[in-house]
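S.K.: Take this structure, written in structure tokens, and hold onto it; I'll ask about it next.
The values are calculated or read from the model by the stated rules, or taken from the named source; none is laboratory data. Small disclaimer: the values here were computed from a predicted structure and weren't measured. With ideal geometry, Cβ positions are generated from the backbone for all residues, glycine too; neighbour counts draw on all protein chains shown.
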Amino acid sequence: MNILWFLLIGLIAGWLAGQIMGGGGYGIVGDIILGIIGSVIGGFLFNLFGLSAYGTLGAIVMAVIGAVVLIAVLRTLKRA
């Protein structure tokens, strides 16, 4: 059941990040992958700044922030 929640949070976070960054989403699989990688990046950033995220909503916020950072970095590298 934890894997299902992990994938669902990744899907939501990836979709939200795509909407925030002006994309139309990246498909279900792309959103899940973006959200999962974003959660790792978000966890690292939150830890770096001494922040904590609790509960499902906190996990989604953390993953969205990480995914937005990931999209921004990828777009910057793509232009270079």
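S.K.: Considering each residue of region 6-37, count those that are of a type in the set (V, I, T) and buried (at least 16 other Cβ atoms within 10 Å of the Cβ), and give that number.
M.R.: Going through region 6-37 one residue at a time, the tally reaches 6.
S.K.: Being closer than 21 Å to V73 by Cα and in contact with a helix residue (DSSP H, G or I) (Cβ under 8 Å, 6 or more places away or on another chain), is that true of even one residue in region 2-11?
M.R.: The answer is yes; a qualifying residue exists.
S.K.: If you don't mind, there's one more thing I want to ask. Hey, among V68, V73, V40, V61, which residue is crowded, with 20+ Cβ neighbours inside 10 Å, modelled with pLDDT of 90 or more and of a type in the set (A, V, I, L, M)?
M.R.: V68 is the lone residue from the list that is crowded, with 20+ Cβ neighbours inside 10 Å, modelled with pLDDT of 90 or more and of a type in the set (A, V, I, L, M).
S.K.: Quick check, is Y26 within 14 Å of G10 (Cα to Cα) and among the hydroxyl-bearing types (S, T, Y)?
M.R.: Answer is yes for this residue.
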